[in-house]
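Have a look at the structure below, then the notes.
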Amino acid sequence: MTDLLRHRPTTPPSRGLVEVARQLGVRPPPVDPSVTGLTLGTSDCCPGDLFAAVPGGRAHGAAYADQAAERGAVAVLTDPAGAAVLDATEGAARRLPRVVVDDPREVLGRLGAWLHDHPTSAFTTLGVTGTQGKTTTTYLAESAVGGTVGVIGTIGTRIGGRPVASSLTTPEAPALQALFAVMREEAVDVCAMEVSSHALVKGRVDGFAFDVAVFLNLGRDHLDFHDDLADYFDAKAMLFTPDHARRAVVNVDDDHGRRLLDRTDLPVTTFSTDGRAADWRAANVRPHRLGTDLEVLGPAGLEIDLSVPLPGRFNVSNALAVVAALAPEGHDPADLAAGIAASPGVPGRMERVDRGQPFTAVVDYAHKPDAVTAVLTALRPVTPGRLVMVIGAGGDRDHGKRPLMGEAAARHADLVVVTDDNPRSERPAAIRADLLAGARGGPAEVVEIGDRREAIAHAVAGARLGDTVVVAGKGHEQGQEIDGVVHPFSDRAVLEELLGATP
């Protein structure tokens, strides 16, 4: 059984509710229970918690305060609207003392950091943002540093290699500060964390400043949440302000990275894999079937060899970002390079599946146009045969990127098998039609097979010596969501099964 690490510190904080109110600059309540935790969700509520009841998309959080009280909450942090909801309830929450502020979500980050006595002061924090590459970069950072490292991101949270229960790429502010307190107890050296645009807009990383903020790239994504690409960039740029970081590391090969240089007031370290002027550069880049070898040129004439055990120029960029971020924090660049070279890889990110078949099989999380292009252009030079991609698109998300994904696949692959990803509440056929609208204009052969397992089986059955089959879109995911039900499904497991049956 997996050893699941706790997500709250063994020794909880203890602050009086009156002290909490004074910290927030508001009128203290007439009673002063001890607060030993802070939570936004009733399912995570523990005895002694201050329950933060904030406005939600469907209901005010105060409507769930009775459940929090039943689970042991000792007080409620809310706004005037939430206080009115509490006044109207007949349940246990009506008797709980409350702290009322104008915008409770806005204070959660700094309140959580204060409650846990600012745990990030005990280790180096690395915040990584970008449209693609965040997960890989945090995993490479973990390998580069060695020792005890915390990782927070899409695939989950780990501390010293042990998993921690988590559900968001970036946890809500109270849960995040509790995780940081656990990391302090576990004597973590570095925490490498993915920082999504959602997290920045929703204040999940408020209340502390990363030691280093890394910008990888920016392309089309999350336009179901942001108004347009400019709004998406503005959200990402929030990380590169003094409130959120002390130092910036920026990829100047990216157009938006170069724009960021003019926007940030932070000290900046730059990096490039394309020969641009930068503090850290990749030189003599030599791709091969299993990854890339190169030389890293750093400040003061530094030169080190680096072997990246993942294919693709974009993974060279991810690895270079790690060196540029951590070397100035006191880590020896040669040691960082050795750690990266020894990386076991990243689940669902250019992950090879090998059962002795005469062709290459890869699982990747690519689910945006730029990512589809990056994966296929990385694999083309090391594929002597045909390049085959199995691809779908998620439902209830940005519709506009679907034909662009299809077009990118058909432009760079030889065979595109359009299938279902996570349709969610949408009609799968309609999603596939959007992909096909882009794919059928390209030079590749295009096949539509809705059932994802059958689509993978079709790609595998037709693969020959020297071919590469890429199953894209779901990566590390272990389920497929259809009409609100998540069915067990792993691209890797299906590939392994099919490849094991391949003569």
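The values are calculated or read from the model by the stated rules, or taken from the named source; none is laboratory data. Given the structure is predicted, the values throughout are model-derived calculations rather than measurements. A quick note on method: Cβ atoms are made from the backbone with ideal geometry, for glycine too, and the neighbour counts reach across all protein chains shown.
Values computed for the structure shown
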| quantity | calculated |
| --- | --- |
| Residue ID - farthest from Leu140 (Cα to Cα), chosen from residues in the stretch 300-318 that are surrounded by 18 or more Cβ atoms within 10 Å (Cβ to Cβ) and of a type in the set (A, V, I, L, M, F, W, C) | Ile304 |
| Looking only at the stretch 18-50, and only at residues there that are among the small types (Gly, Ala, Ser) and modelled with pLDDT under 95, the one that is surrounded by the fewest Cβ atoms within 10 Å (Cβ to Cβ) | Ser43 |
| Scan of the stretch 24-79 for residues that are under 17 Å from Gly91 (Cβ atoms), among the acidic types (Asp, Glu) and more than 29 Å from the chain's Cα centre (by Cα), ordered by number | Asp66, Glu70 |
| Selection count where residues are of a type outside the set (A, V, I, L, M) and either closer than 23 Å to Arg432 by Cα or touching a Cys at 6+ places or on another chain (Cβ under 8 Å) (or both), scope the stretch 350-376 | 7 |
| Inter-residue pairs, beta-carbon under 6 Å, first in contact (Cβ under 8 Å) with a residue 12 or more places away in the chain and in the stretch 205-217, second part of a strand (DSSP E or B) and surrounded by fewer than 23 Cβ atoms within 10 Å (Cβ to Cβ), 6+ apart | Asp211/Thr124 |
| Residue among Thr154, Thr138 that is in the same structural domain as Val308 (by TED's automatic domain parsing) and either surrounded by fewer than 23 Cβ atoms within 10 Å (Cβ to Cβ) or over 25 Å from Asp243 (Cβ atoms) (or both) | Thr154 |
| In the stretch 150-186, the residues that are over 30 Å from Val372 (Cα atoms) and touching a Cys at 6+ places or on another chain (Cβ under 8 Å) | Phe180, Met183 |
| Helices (runs of 4 or more DSSP H) (entirely within the stretch 1-108) containing at least 3 residues that are touching a His at 6+ places or on another chain (Cβ under 8 Å), free of Cβ contacts under 8 Å to residues at least 60 places away in the same chain and not polar (S, T, N, Q) | 80-88 |
| Filter result for Ser272 (among the hydroxyl-bearing types (Ser, Thr, Tyr), farther than 30 Å from Glu497 by Cβ, in the same structural domain as Gly161 (by TED's automatic domain parsing) and without any contact (Cβ under 8 Å) to a residue 60 or more places away in the chain) | yes |
| Qualifying residue in the stretch 322-333 (condition: surrounded by 24 or more Cβ atoms within 10 Å (Cβ to Cβ), closer than 17 Å to Pro287 by Cβ and not assigned by TED's automatic domain parsing to the domain that holds Leu376) | no |
| Strands (runs of 3 or more DSSP E) wholly inside the stretch 447-502 containing at least 2 residues that are crowded, with 18+ Cβ neighbours inside 10 Å | 468-472, 479-482 |
| The stretch 432-453 residues that are in contact (Cβ under 8 Å) with a residue 40 or more places away in the chain and not assigned by TED's automatic domain parsing to the domain that holds Ala409, paired with ones that are surrounded by fewer than 20 Cβ atoms within 10 Å (Cβ to Cβ) and among the basic types (Lys, Arg) (beta carbon under 6 Å, 6 or more apart) | none |
| Qualifying residue in the stretch 105-125 (condition: under 33 Å from the mean Cα position of the chain (by Cα), under 30 Å from Ala366 (Cα atoms) and buried (at least 23 other Cβ atoms within 10 Å of the Cβ)) | yes |
| Selected residue [of a type in the set (Val, Ile, Thr), touching a Leu at 6+ places or on another chain (Cβ under 7 Å) and assigned to a helix (DSSP H, G or I)] from Thr120, Thr137, Thr157, Thr131 | Thr137 |
